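Shown next, in structure tokens, is the structure this report addresses.
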Amino acid sequence: MPQNTLPPPLTAPEQLNAALHAQGFAVLSAASVGALAGIRAEDLRALESSWDDLPPDQHLKDGGRYRRRRHASFEVTSQNLSAVPHRAHWQPLSYNALHGGMQRWFDPMASDVVAQTAWSSLLRWLARVASDAQGAQTWFTEAHQFRIDTTDGIGRPTPEGAHRDGVNWVAVFLVGRHGIKGGETRVFDVDSPRGQRFTLSEPWSLLLMDDTRVIHETTPIQPEQAGGWRDTLVITLRSGGFLDDPVVKS
């Protein structure tokens, strides 16, 4: 039986700021992302091949083999972007009960990916959106390339469950999905039972969230064809500094 999926509640590009203010999240089509960020569709597609070269995530506490990942950090404004030396990804247990409290050193993103004009345009556009909402500033930005596959029959995009990331803004781009079912996105208010569920399927469509107001998760994926996978790009923006291990900082 075909899987029934709910389409995403797309926001018109001119309504992005209003939607973020009203409900704490917005979903944009790929065309809206390209128009707002000033990026051609073919330039976004040129980034996609790098997802075929992601190394395994060595930090999965559930023993799974379903996640591949690269990570990079930047300081970003609406006009400028600068990469920072490679650093560990860290979250407190209060935000990530499964993987919090540990320094996770992931392989860095490839230099030829972050050097592309489309990459810097994407990050600077997100910084503009964040600054429009919270005032012009430098945003401490982490980027994560993910591939969730069905090597063991099931893949978990968010093994920690519904969560916040401990930042100000979270951008989840669906880069592609192949030969799978599942992978439903769920967004809920932090302080009420209100929420929405839908499935991102269009490459370079975007879920953008105010991390202080909503929690999110993605349901597990299962194979419909051998070798099925789901690729995403997750970019977080934080005010005031990176989320770092306080023991290391001290």
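The values are calculated or read from the model by the stated rules, or taken from the named source; none is laboratory data. Since the model is a prediction, treat every value here as computed from it, not as a measurement. Please note: Cβ atoms are built from the backbone with ideal geometry, for glycine as well, and neighbour counts cover all protein chains shown. The protein model used for the area step is the full one, side chains on, heavy atoms only, and it has no ligands, DNA or RNA in it. Shrake-Rupley method; radii C 1.70, N 1.55, O 1.52, S 1.80 Å.
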(request) Kindly establish whether THR236 is in contact with a strand residue (DSSP E or B) (Cβ under 6 Å, 6 or more places away or on another chain), modelled with pLDDT of 95 or more, among the hydroxyl-bearing types (Ser, Thr, Tyr) and more than 25 Å from SER73 (Cα to Cα). (result) no
(request) Determine whether region 140-154 contains at least one residue that is part of a strand (DSSP E or B), within 14 Å of the chain's Cα centre (by Cα) and charged (D, E, K, R). (result) yes
(message) Any residue at all in region 57-75 that's under 19 Å from VAL113 (Cα atoms), out of contact with any strand residue (DSSP E or B) (no Cβ under 9 Å at 6 or more places or on another chain) and in contact (Cβ under 8 Å) with a residue 24 or more places away in the chain?
(response) no
(request) Look at GLN196 and say whether it is within 28 Å of GLY63 (Cβ to Cβ), assigned to a strand (DSSP E or B) and over 15 Å from the mean Cα position of the chain (by Cα). (result) no
(request) Within region 2-20, work out how many residues are open to solvent by 70 Å² or more (accessible area, probe 1.4 Å) and touching a Phe, Trp or Tyr at 6+ places or on another chain (Cβ under 8 Å). (result) 3
(request) Inspect all residues belonging to region 124-141 and state whether any of them is over 27 Å from GLN79 (Cα atoms) and of a type in the set (A, V, I, L, M, F, W, C). (result) no
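Residue by residue, here is whether (1) under 25 Å from LEU16 (Cβ atoms); (2) open to solvent by 50 Å² or more (accessible area, probe 1.4 Å) holds:
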| site | (1), (2) |
| --- | --- |
| TRP90 | no, no |
| TRP105 | no, yes |
| SER111 | no, yes |
| GLN116 | yes, yes |
| ARG128 | yes, yes |
| THR138 | yes, yes |
| GLY153 | no, no |
| LEU174 | yes, no |
(request) Out of MET102, MET109, report the one residue that is more than 19 Å from the chain's Cα centre (by Cα) and touching a residue at least 24 places away in the same chain (Cβ under 8 Å). (result) MET102
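For region 21-28, check the following and say yes or no: at least one residue is assigned to a helix (DSSP H, G or I), of a type in the set (Gly, Ala, Ser) and crowded, with 20+ Cβ neighbours inside 10 Å.
Of the residues in region 21-28, the ones assigned to a helix (DSSP H, G or I) are 21-23.
With the extra rule that they be of a type in the set (Gly, Ala, Ser), the set shrinks to 22.
Subset that is crowded, with 20+ Cβ neighbours inside 10 Å: none.
No: region 21-28 contains no residue that is assigned to a helix (DSSP H, G or I), of a type in the set (Gly, Ala, Ser) and crowded, with 20+ Cβ neighbours inside 10 Å.
Just the residues that are aliphatic (A, V, I, L, M) and either over 16 Å from THR232 (Cα atoms) or without any contact (Cβ under 8 Å) to a residue 24 or more places away in the chain (or both), please, taken from region 136-177. Working first, answer last.
We begin by selecting, within region 136-177, every residue aliphatic (A, V, I, L, M); these are 136, 143, 148, 154, 162, 167, 170-172, 174-175.
Result: ALA136, ILE154, ALA162, VAL167.
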